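Visitor: Got a structure here, written out as structure tokens. Questions coming.
The values are calculated or read from the model by the stated rules, or taken from the named source; none is laboratory data. In this text the structure is predicted, and so the values were computed from the model without any measurement. Quick reminder, even Gly has a Cβ in these numbers, built from the backbone with ideal geometry, and neighbours come from all protein chains shown. Ligands, DNA and RNA are stripped out before the accessible areas are found, and what is left, the full protein with its side chains, is counted by its heavy atoms. Shrake-Rupley method; radii C 1.70, N 1.55, O 1.52, S 1.80 Å.
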Amino acid sequence: MSDRLPDRGSDSKSDSDVAVLASGGIDSAILCIDLLREFKRVHPLYVRFGLRWEDVELASLRAFLGSVE
């Protein structure tokens, strides 16, 4: 997944980027959002393994992260 979450622009955050290994589960999706409190940019990484449910999982993750403002 090459999308990145938006820059939230807080002065108290690190100027560094962070990458997160993200599945389609709620835990990793929430972690991506949570890290926006500490880092300027969060880059979720999704690894494809050829599983049957990957398309649905990735679509759900993108929809969730896409709703972040």
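Visitor: Would you confirm whether or not the range 37-44 contains a residue that is at pLDDT 90 or above and open to solvent by less than 30 Å² (accessible area, probe 1.4 Å)?
Guide: Yes, some residue in the range 37-44 is at pLDDT 90 or above and open to solvent by less than 30 Å² (accessible area, probe 1.4 Å).
Visitor: Please work out which residue is most open to solvent (accessible area, probe 1.4 Å), limiting yourself to the range 54-69 and to residues that are within 17 Å of Leu21 (Cα to Cα) and touching a helix residue (DSSP H, G or I) at 6+ places or on another chain (Cβ under 7 Å).
Guide: By that ranking, first place goes to Phe64.
Visitor: Also: Taking Arg52 as the residue in question, decide whether it is in a loop (DSSP other than H, G, I, E, B) and modelled with pLDDT of 90 or more.
Guide: Values: in a loop (DSSP other than H, G, I, E, B): yes; modelled with pLDDT of 90 or more: yes.
Answer is yes for this residue.
Visitor: Being at pLDDT below 90 and open to solvent by 50 Å² or more (accessible area, probe 1.4 Å) is the filter here; which residues of the range 17-29 pass it?
Guide: Listed by number, the residues that qualify are Ser23, Ile26.
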